[in-house]
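The values are calculated or read from the model by the stated rules, or taken from the named source; none is laboratory data. Computed from a prediction, not measured in an experiment: that's the story for all the values here. Positions of Cβ are generated from backbone atoms using ideal geometry, with glycine treated the same way; all protein chains shown enter the neighbour counts.
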Amino acid sequence: AQSVTQPDIHITVSEGASLELRCNYSYGATPYLFWYVQSPGQGLQLLLKYFSGDTLVQGIKGFEAEFKRSQSSFNLRKPSVHWSDAAEYFCAVFGGATNKLIFGTGTLLAVQP
Amino acid sequence: ETGVTQTPRHLVMGMTNKKSLKCEQHLGHNAMYWYKQSAKKPLELMFVYNFKEQTENNSVPSRFSPECPNSSHLFLHLHTLQPEDSALYLCASSQKGATQNTGELFFGEGSRLTVL
């Protein structure tokens, strides 16, 4: 069955520092992979997605993610974090067999001045 | 105007009340979804509508009753809820029908429900 693991529940980084949020998935074939961001009191906004092709995908707000099949990972990165990036980040996997988008439990990012 | 609009944004109701949540999408999408987001739990898919037809009910209690009169509107009717139903209810839509989905969803801002 499909599943998504985000091992870090909460991360704190300093403004200007680099960021990497981890995501591991379980799925038999190549899945469609997503990162969403949720600011307080808001819905989920799509940051980026991977369907096929280049394993390094660029998203909005300066984020990127790399699909690594050998590690079943799709980690989210940003070279320099801004205070406005403080939010909760959700990794999600979609597989055609179940036709469902399965979300991880999320990683809450805090940004220190 | 956002692509997916949910009203009300906040709702407080007693266990004997009847209320409804409304979702409207302005994106021309064919599929609409209700998700429940509770603290410290993954997002839970509740219902899926594909071209106005319900294609998924993810073992949701009958005190939640969805309605999809057309591809642009989705309702969640609530009655005799329990305090554990307090959560953020998110509506989403997708461009392709749910059976041809790539998984890319567009979310509304959610309706925060508190059941007393």
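Please work out if A:L21 is at pLDDT below 95, of a type outside the set (V, I, T) and either out of contact with any Pro (no Cβ under 9 Å at 6 or more places or on another chain) or over 27 Å from B:C23 (Cβ atoms) (or both). No. Of the residues screened, A:G53 is not one that is within 11 Å of another protein chain (Cβ to nearest Cβ), modelled with pLDDT under 95 and on the phi > 0 side of the Ramachandran plot.
Considering the stretch B:1-40, and only residues there that are within 13 Å of chain A (Cβ to nearest Cβ) and in a loop (DSSP other than H, G, I, E, B), the residue that is farthest from the chain's Cα centre (by Cα) turns out to be B:K40.
Considering only residues that are surrounded by fewer than 21 Cβ atoms within 10 Å (Cβ to Cβ) and over 13 Å from A:V37 (Cβ atoms), which ones fall in the stretch A:72-94? Hits for the stretch A:72-94 are A:S72, A:S73, A:N75, A:R77, A:P79, A:S80, A:W83.
Let's see how each residue does on (1) outside any strand (DSSP E or B); (2) in contact with a Cys (Cβ under 7 Å, 6 or more places away or on another chain); (3) at pLDDT 95 or above; (4) within 13 Å of chain B (Cβ to nearest Cβ):
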site	(1), (2), (3), (4)
A:G28	yes, no, no, no
A:L33	no, no, no, yes
A:P40	yes, no, no, yes
A:L47	no, no, yes, yes
A:A65	no, no, yes, no
A:F90	no, no, yes, yes
A:F94	no, no, no, yes
A:L108	no, no, yes, yes
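When the stretch A:54-63 is filtered for residues that are in a loop (DSSP other than H, G, I, E, B), touching a residue at least 12 places away in the same chain (Cβ under 8 Å) and either touching a helix residue (DSSP H, G or I) at 6+ places or on another chain (Cβ under 6 Å) or over 14 Å from A:L21 (Cβ atoms) (or both), only A:T55 remains. Among the residues of the stretch A:68-84, the one identified as in contact (Cβ under 8 Å) with a residue 60 or more places away in the chain and under 13 Å from the mean Cα position of the chain (by Cα) is A:K78. Out of the residues in the stretch B:64-74 that are over 12 Å from the mean Cα position of the chain (by Cα) and surrounded by 14 or more Cβ atoms within 10 Å (Cβ to Cβ), state the one that is farthest from B:N30 (Cα to Cα). Out of the qualifying residues, it is B:S72.
Within the stretch B:87-110, is even one residue touching a residue at least 24 places away in the same chain (Cβ under 8 Å), more than 10 Å from chain A (Cβ to nearest Cβ), of a type outside the set (D, E) and in a helix (DSSP H, G or I)?
no
For A:S39, the requirement of being out of contact with any Pro (no Cβ under 9 Å at 6 or more places or on another chain) and either closer than 17 Å to A:A65 by Cα or surrounded by fewer than 21 Cβ atoms within 10 Å (Cβ to Cβ) (or both) is met.
The set of residues in the stretch B:41-63 being away from every other protein chain (no Cβ under 14 Å) and touching a residue at least 24 places away in the same chain (Cβ under 8 Å) consists of B:F51 alone.
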